[in-house]
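Enquirer: Pasting a structure here, questions to come.
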Amino acid sequence: MDTQTLIEALRNLVPAELDWTFAIYSTSKGRDGLELDWNLCKMKGVAGWVETLRTVLLEKTTVEKTVAAYSPFLSGKEHIGGVARTDDLIKEQISDILLNIKNGLVHAPEDFLSGVLPKTVGFAFYGERQVEEGQQPERVLFMRRGTPFLASGKTRLCTSEGDEIVTCDKPLLKFTPATDFLLLDGNAYFLSVAIEKDFALENRHFAIAAKRLSMVADAAIASNYEKLEESAMSAKNARKFIDFDEEILQYIVRLGIVEREEFLSTYGVTVDQSGHMDTTDPEQCELVIDLLCCRSCLDPLGRLSFGNNITPRE
């Protein structure tokens, strides 16, 4: 997945050919963390708005930013984090979002200022193209964090009719042609850091870290797996496992004891007499995690270093 892939997908998108829904969401805390509660808003001309978003992405965003594999350490200012829709990181959230948009209740714009509905956190444009029976429909999703409605509770909203100033008694819509999250052609793109909280990615970091740590346990190359696991499941380190590289792990497994010791010494990792990576010490655990999760300054397999290719967040 790269910048050109996104550009081509955007060029091939013809908003007028899809059926569009304007959806608004609020957040609530559920048993498994943050949940998004969706409502649909009656809105005509959505395809025209989506065309504006598409144009801005093509003519500005994709020129100013580059697409890289999603990482929690990726800078939203310079990069777009790309991830497959089927990736463990987001597949459950995406399925829930699309299902809830399809089943959401429909309201008029006025309803969102009545105080009856929860406070709007963000909104989305959802497009779908029906295909032949038995095939998956084409689905496109643009998400933006922030309310699109201008409420008149604290500020009088006015407009002009000729030489007369008239107070608006209906909600006004503030539309900024920017996108925080995009689902397109089976790929998802995080265009800003702000939207990540709505995908509860912090909780997913721990789940993915646990899953990938099991590979390290199966490889049986850590002298004290429990210590390594304890260090890895800290909030700081769990995020790193998004970038876990199984190729590095398997490469270490294949090395003999002497070769392994020589190889790991480059990264400050020590090896015991049995050829196990020393993970009895917290500092050694940190080095092992950085090595397996591509946080080292040097790429162990001679590829372009992740650390040199990504601008860290501030």
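The values are calculated or read from the model by the stated rules, or taken from the named source; none is laboratory data. No experiment lies behind these values; they were computed from the predicted model shown. Every residue, glycine as well, gets a Cβ built from its backbone with ideal geometry; the counts of neighbours run over all protein chains shown.
Enquirer: What's the number of the condition Leu184 fails, among (1) more than 27 Å from Trp20 (Cβ to Cβ); (2) within 30 Å of the chain's Cα centre (by Cα); (3) hydrophobic (A, V, I, L, M, F, W, C); (4) surrounded by 20 or more Cβ atoms within 10 Å (Cβ to Cβ)?
Expert: So the condition that Leu184 fails would be (1).
Enquirer: Let me ask you something else. What's the number of the only condition in (1) in a helix (DSSP H, G or I); (2) touching a helix residue (DSSP H, G or I) at 6+ places or on another chain (Cβ under 8 Å); (3) of a type in the set (D, E, K, R) that Glu59 fails to meet?
Expert: Only one criterion is unmet by Glu59, namely (2).
Enquirer: Within region 103-114, work out how many residues are among the charged types (D, E, K, R) and exposed (fewer than 14 other Cβ atoms within 10 Å of the Cβ).
Expert: Result for region 103-114: 1.
Enquirer: Related question: Let me confirm something: among Asp163, Asp198, which residue is within 27 Å of Val83 (Cα to Cα), at pLDDT below 95 and acidic (Asp, Glu)?
Expert: Asp198
Enquirer: Among residues belonging to region 65-98 that are part of a helix (DSSP H, G or I) and touching a residue at least 12 places away in the same chain (Cβ under 8 Å), point out the one that is surrounded by the most Cβ atoms within 10 Å (Cβ to Cβ).
Expert: Among residues in region 65-98 that are part of a helix (DSSP H, G or I) and touching a residue at least 12 places away in the same chain (Cβ under 8 Å), the one surrounded by the most Cβ atoms within 10 Å (Cβ to Cβ) is Ile97.
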